[in-house]
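Contents: one structure, followed by commentary.
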Amino acid sequence: MLSPPPMGFELLIVLSLTIAATMMVIVVSLGIVIHKVVNTNLVRRRQRLYSAYSDIMAGLLLQELPALLPNARTSALFDQYELMIKSIKEQLVRMTPARRKHEREALRLALIDFAKDVSGEISDRLVYFFYSFGFVDEQIILLSNRHWWIRAQAARDAGLLKARRVITSLTAALEDEHPDVRIQAMESLARLVGVESLRTILRVSRNLSQWTSIELSTIVMEYNEAAVPFLVEGLESKDQSVLLFCIEMLAEIGFVTAVEPLRHLASEYPNVVVRAKAIEALGRLGDERAEVMLTSFIDNPFPNIRLKSIEALGRIGAPKAVPKLLKRLRQGELSEKIIAARAIASSGSVGMKALRSVSVSRDALNISVAEQVLEEFTVAQERT
Amino acid sequence: MIPILQIILHLYFLYVILFFIVMNLTYTILLTLSYREIMKYMRHNSFSDFRPMLQSELTPPVTLLAPAYNEEPTVVDSVKSLLKLNYGMYEVVVINDGSKDKTLDVLKKEFELYRSKQVYNPALKAQAVRGIYRSHKTAYKNLVVVDKENGGKADALNVGINVARYEYVCAMDADSLLEDDALQKVMKPFLEDSTVVASGGIVRIANGCEIDHGRVVKVGLSHKLLPLFQVVEYFRAFLSGRMGWQGLNGLLIISGAFGMFKKSAVIEVGGYRHDTVGEDMELVARLHRIKLEKKEPYKVIFVPDPVCWTEAPESLQMLARQRNRWHRGLLDVMILHRKMLLNGDYGVVGLAAMPYFFFVELLGPVIEFSGYIISIVMYALGILNMKMVILFFIVSLFYGVMFSVGGVLLEEISFRRYPNPKHLALLLAMGVIENFGYRQLTAWWRIKAFYDHARGKRGWGLMQRKGFGNVQSS
């Protein structure tokens, strides 16, 4: 019979590991429970404070103020506002720093929520409160915080404060390293400055991601035709992502003044991606003036330009382009054949007749493509 | 002879301990990374407004691929649910993979399908397509049903990719349920970074949830033990595993139940492989491999809150088959991509992710079981130090509990899908109980997978599902 190996050091290691593991499990489990309890209490407390401040501020915002004398100083109105919030300020000063922090946060949130819905004199009153409580200066400081999420939150809130003092800081935030800060700054600037903000946004922006473009597009679409001059200005941008964004938006808004600059980009711009995007936009605008130019692009050696031109002609509906489109249907790759066939079908009776002739031709693939597109059109007609 | 055996056994026992330390160290690092990544995600997401994405012309359209095999009882509800997702422009491509039941017939009847003349472009090799169907009804104009010869899920997905109109394809199981906003959330990484080639969402267990017409209306927990164990397992795998790996761009798995891919990237690497049961992991591994070999920038992302609900097996037999299949799939991937293992040319994937999956996930059960056997042999020979074994067992138990608790903790501090404190307590308890029997059982199933793999077993095995029905609460 063999004797068991000597223990000692091994046992010590295992014991230490056991203790460490036990401690960790206890700490983690306790952490979960404490987190849950603390969080629940915190949420409840914040809600209570928020409700209390909402009630107080609603009363102050709706309170009738005595009429000012005709020769009253400009600052007299501000004196009245200051008097309204004097007691709250005094109470806040008396609190401990920790409590004051929570109370001020609840007050700030309550004021911001009001800011979303009010206008006129009440809005002015609210803006004064933001200044007077120091929230505006706080937001400006927070805009240069080292944590991006605090900067982003500050950028978002700065727009809701409606205080023009934050404009410079927000403009600087357009060049922040984090995209979320940039997006929040764009939205806030648009809220504060209006459509004019687009000039700065488009001039300063760089490397827009698709996500940022989508967010920015909502700002542009809010102003619709009023945004067109700024978008046309944006076509001069050296940044390709901004340029592509402006083209996309011009197509989306569909304003007639966009056709000429887009035609120029489609034919002259040195970059194929930008040209293809401009061609696509012309198609979406559906302006017949572009038809001749687009037809000339059907044979372009760059596939992207060729495909976008064919697609654009399909949108416009171009009977004169049918012979050239038929050539692409016969010679192109499968995807090009399908796009060409759709463009032919969109050009009216001439195109449909041409497509039917292809469907009885000799090339099996061309016949299949023609049949597919004819079926698509028949089903679409049935549906409408 | 005996002293040599004694030395060998002791050395092996030390090796098991060393393996155990390395494994738990890895888990700890992953848990820490996951925590950091989840916090980052939560902060980032708090500034994300998805409403513009739903309305914008700039939002790229998506093709949803739903392979169906013998799904006659549930397919209509599943498809209807997929057609109601909250996303701009998308199409649903249902691929009937040569079902032997009336899956196609019920689809044809319910959605008034006609046989379309759409040209089929076989960019990826797959079994023959019998027909492509579309609906006469305007409400279902974004539905495409493809009928094909049976070829397995991978083959069906390849056909789906061939038929897909759009650049982004979302692979999923026809019997899984997507939350309304799941597509928006899983698409966001592609919009933020043009180098993203794949992104996967979290899969959660639907057993015990209230489901109405393909929607989870109330989140709950099953009353049965097996699904409860799996809830904790899924937390560990998704929240503390995949989240950590994606932080290092070393994510090797995107669940087959819910994953979005850039179509051109999938076609570039040759689509799904037919000869493996781990086709989802294999595709992601191949994407990594080819992109790294070509030195092209790319990212594979895990997004922790677009939710896909799935039905977990409730019987030991079904669960055994599932785990056996997963492990055979993992083994396939390790064999097919062994070149990447410990190869510095493949960066994090070669030096961290592949070794982790090989040594911890693949060999872990073998080493764990061999530890049990060696202990028995040593006990028989009278050379076992019982104190040592007991302490080792306690330590392993505590680590097991800690990582399960860690997974639940990540859920609790982030998404809190189980708001009831009773649920939290139950899940924490499961994190302890699973270490007594369940863990050993799953390890045994995974060991058996080596034998089945060596025997040449390649199929999925019959998986019976209860189906969600209209209202389920078990």
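What the table shows:
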quantity	calculated
Residue list for segment B:134-184, filter: farther than 17 Å from B:Ser255 by Cα and either in contact with a Ser or Thr (Cβ under 6 Å, 6 or more places away or on another chain) or of a type in the set (Lys, Arg) (or both)	B:Arg134, B:Lys137, B:Lys141, B:Leu143, B:Lys148, B:Ala164, B:Arg165, B:Tyr166
Index of the failed condition, A:Ser188 passing every other in (1) under 21 Å from A:Pro229 (Cβ atoms); (2) touching a residue at least 24 places away in the same chain (Cβ under 8 Å); (3) away from every other protein chain (no Cβ under 11 Å)	(1)
Tabulated pairs, segment B:13-29, first under 17 Å from B:Leu410 (Cβ atoms), second in a helix (DSSP H, G or I) and at pLDDT 85 or above, C-beta under 9 angstrom, 6+ apart or interchain	B:Thr26/B:Ala352; B:Thr26/B:Tyr356; B:Thr26/B:Phe359; B:Thr26/B:Val360; B:Tyr27/B:Arg236; B:Tyr27/B:Gly241; B:Tyr27/B:Val360; B:Ile29/B:Gly244
Single residue of segment A:302-354 satisfying the filter (more than 22 Å from A:Glu375 (Cβ to Cβ) and of a type in the set (Lys, Arg)) that is surrounded by the most Cβ atoms within 10 Å (Cβ to Cβ)	A:Lys308
Residue within segment B:121-130 that is in a strand (DSSP E or B) and more than 20 Å from the chain's Cα centre (by Cα) present	yes
Test result for A:Ala98, more than 40 Å from the chain's Cα centre (by Cα) and free of Cβ contacts under 8 Å to residues at least 40 places away in the same chain	no
Qualifying positions in segment A:228-243 - within 14 Å of chain B (Cβ to nearest Cβ) and in contact with a Ser or Thr (Cβ under 8 Å, 6 or more places away or on another chain)	A:Ser241, A:Val242
Segment B:45-63 residues that are within 10 Å of another protein chain (Cβ to nearest Cβ) and closer than 13 Å to B:Leu183 by Cα, paired with ones that are at pLDDT below 90 and buried (at least 16 other Cβ atoms within 10 Å of the Cβ) (beta carbon under 9 Å, 6 or more apart)	B:Thr59/B:Pro52; B:Thr59/B:Met53
Condition met for A:Val256 (among the hydrophobic types (A, V, I, L, M, F, W, C) and more than 25 Å from A:Leu208 (Cα to Cα))	yes
Checking B:Thr74 against (1) within 14 Å of another protein chain (Cβ to nearest Cβ); (2) under 23 Å from the mean Cα position of the chain (by Cα), the condition it does not meet	(1)
Filtered residues of segment B:401-428 (kept if away from chain A (no Cβ under 11 Å) and part of a helix (DSSP H, G or I))	B:Lys422, B:His423, B:Leu426
Residues of segment B:291-334 satisfying the condition of being touching a Gly at 6+ places or on another chain (Cβ under 9 Å), more than 23 Å from B:His274 (Cα to Cα) and among the charged types (D, E, K, R)	B:Asp305, B:Glu311
Qualifying positions in segment A:354-384 - within 24 Å of B:Leu113 (Cα to Cα) and of a type in the set (S, T, N, Q)	A:Ser359, A:Ser368, A:Gln372, A:Thr378, A:Gln381, A:Thr384
Flag for B:Leu157 being part of a loop (DSSP other than H, G, I, E, B) and away from chain A (no Cβ under 13 Å)	no
Within segment B:187-205, tally of residues that are within 14 Å of chain A (Cβ to nearest Cβ) and outside any helix (DSSP H, G or I)	5
Among the candidates A:Ile279, A:Ile219, residue that is surrounded by fewer than 22 Cβ atoms within 10 Å (Cβ to Cβ) and either away from chain B (no Cβ under 14 Å) or part of a helix (DSSP H, G or I) (or both)	A:Ile219
Every residue from segment B:255-289 that is hydroxyl-bearing (Ser, Thr, Tyr) and either part of a loop (DSSP other than H, G, I, E, B) or surrounded by 21 or more Cβ atoms within 10 Å (Cβ to Cβ) (or both)	B:Ser255, B:Tyr272, B:Thr276
Lone unmet requirement of (1) more than 14 Å from every other protein chain (Cβ to nearest Cβ); (2) assigned to a helix (DSSP H, G or I); (3) among the polar types (S, T, N, Q) for A:Asn39	(1)
Residue that is under 22 Å from A:Glu121 (Cβ atoms) and either among the aromatic types (Phe, Trp, Tyr) or within 35 Å of the chain's Cα centre (by Cα) (or both), where the choices are A:Asp79, A:Asp55	A:Asp55
Residue that is modelled with the lowest pLDDT, among those in segment A:87-124 that are small (Gly, Ala, Ser) and touching a helix residue (DSSP H, G or I) at 6+ places or on another chain (Cβ under 7 Å)	A:Ala115
Answer from B:Arg204, B:Arg236, B:Arg165 - the residue that is surrounded by fewer than 21 Cβ atoms within 10 Å (Cβ to Cβ) and either in contact with a helix residue (DSSP H, G or I) (Cβ under 7 Å, 6 or more places away or on another chain) or within 19 Å of B:Lys263 (Cα to Cα) (or both)	B:Arg165
Residue within segment B:290-301 that is at pLDDT 95 or above and crowded, with 24+ Cβ neighbours inside 10 Å present	yes
Subset of segment B:401-418 [in contact (Cβ under 8 Å) with a residue 60 or more places away in the chain and more than 22 Å from the chain's Cα centre (by Cα)]	B:Ile413
The lone exception for B:Asp49 - which of (1) closer than 30 Å to A:Trp149 by Cβ; (2) touching a strand residue (DSSP E or B) at 6+ places or on another chain (Cβ under 9 Å); (3) among the acidic types (Asp, Glu) it fails	(2)
Residue list for segment A:106-150, restricted to those being farther than 20 Å from A:Phe78 by Cα, assigned to a helix (DSSP H, G or I) and among the aliphatic types (A, V, I, L, M)	A:Ala106, A:Leu109, A:Ala110, A:Ile140, A:Ile141, A:Leu142, A:Ile150
B:Ala171 being modelled with pLDDT of 90 or more, under 28 Å from B:Ser240 (Cα atoms) and in contact with a Leu (Cβ under 6 Å, 6 or more places away or on another chain)	yes
Among (1) in a helix (DSSP H, G or I); (2) in contact with a Ser or Thr (Cβ under 8 Å, 6 or more places away or on another chain); (3) away from every other protein chain (no Cβ under 14 Å); (4) not small (Gly, Ala, Ser), the one test that B:Thr26 misses	(2)
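Conditions (1) at pLDDT below 95; (2) part of a helix (DSSP H, G or I); (3) not β-branched (Val, Ile, Thr), marked per residue:
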position: A:Lys320; (1), (2), (3): yes, yes, yes
position: A:Val350; (1), (2), (3): yes, yes, no
position: A:Lys353; (1), (2), (3): yes, yes, yes
position: A:Arg356; (1), (2), (3): yes, yes, yes
position: A:Ser361; (1), (2), (3): yes, no, yes
position: A:Ala370; (1), (2), (3): yes, yes, yes
position: A:Val373; (1), (2), (3): yes, yes, no
position: A:Phe377; (1), (2), (3): yes, yes, yes
position: A:Gln381; (1), (2), (3): yes, yes, yes
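The values are calculated or read from the model by the stated rules, or taken from the named source; none is laboratory data. Just so you know, these numbers come straight off a predicted model, no measurement behind them. Please note: Cβ atoms are built from the backbone with ideal geometry, for glycine as well, and neighbour counts cover all protein chains shown.
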